[in-house]
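As structure tokens, the structure follows; a few thoughts come after it.
What follows is calculated from the coordinates using simple rules that are stated; it is not laboratory data. As the structure is a prediction and not an experimental result, all values here were calculated from the model. Methodologically, a virtual Cβ is constructed for each residue, glycine included, from the backbone with ideal geometry; neighbour enumeration extends over all protein chains shown.
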Amino acid sequence: MRLVILGGPGSGRGTQARQVCDYLGIVPISTGDVLRQAITDQTELGQQLQSCVEKGELVPDEIMIQFMRQRLAQPDVATGWLMDGYPRTAFQAEELDFLLDDLGQRLNWAIFLDVPDPVLLQRSTSQSRLDDTPEAVQRRIELFHSRTVPILEYYERRNRLLRINGDQSPEAVQQDIRQGL
């Protein structure tokens, strides 16, 4: 099974992703981990990435899709994977589909953890990290909405969107995901 998981800050993506991977026996792919490893390994792409990071820029789509191509070509993901942190835009979702076509793969589902904004704000600010001021969290929620709604529409048109009520206990969310898959 090949999955992506989508949700705002504080939606429980990480928790649910780990449980889905354990349940299905598939590999978790955290794009943050992939990018950090590339910088550490100082690959050619990693050096390009480090330049972006040092300048405080977003990673260009062309570089991200190259990272995803490299990661999805590795043997450990042959039987399935769950991607967290990519795609972040409708353009990236479309590029991911093109990449999967090239690799002879197909995305089964985009799982969207639907959580109301006030709950996202409350969950995120209760985690007490330094960057989790109410203003910063509110900005991340706004960015999430502006980028994610087009992704949801993209996957919905392709009948690959699994919308889950994320405003319930983690166990109930996991149960809904398993039933949906």
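The table below lists the values:
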item: ILE39 versus SER146: modelled label distance in nm, points set 7 Å from Cα along the beta carbon direction; result: 2.3
item: At R0 = 25 Å, FRET efficiency that the Cβ-Cβ distance of MET1 and GLN47 yields, to 0.05; result: 0.15
item: Paired Rg and Dmax values of the range 1-86, which use every Cα atom, in angstrom; result: 13.6, 40
item: Distance between modelled label sites at SER169 and ASP61, nm, 7 Å Cα→Cβ extension; result: 4.2
item: Estimated vicinal HN-Hα couplings, Hz - the range 164-181 in sequence order (Karplus 6.51, -1.76, 1.60; Gly, Pro = x); result: 10, 5, x, 9, 8, 4, x, 5, 5, 4, 4, 4, 5, 4, 4, 5, x, 6
item: Stretch gain in nm, segment GLN138-ASP22, where the contour uses 0.36 nm per residue and the Cα spacing is subtracted; result: 38.6 nm
item: Euclidean distance between Cα centres, the range 146-162 to the range 15-55, Å; result: 23
item: Calculated from backbone phi, Karplus (6.51, -1.76, 1.60) coupling profile of the range 64-79 in Hz, x at Gly/Pro; result: 4, 5, 5, 4, 5, 4, 4, 5, 6, 8, 6, x, 5, 9, 4, 8
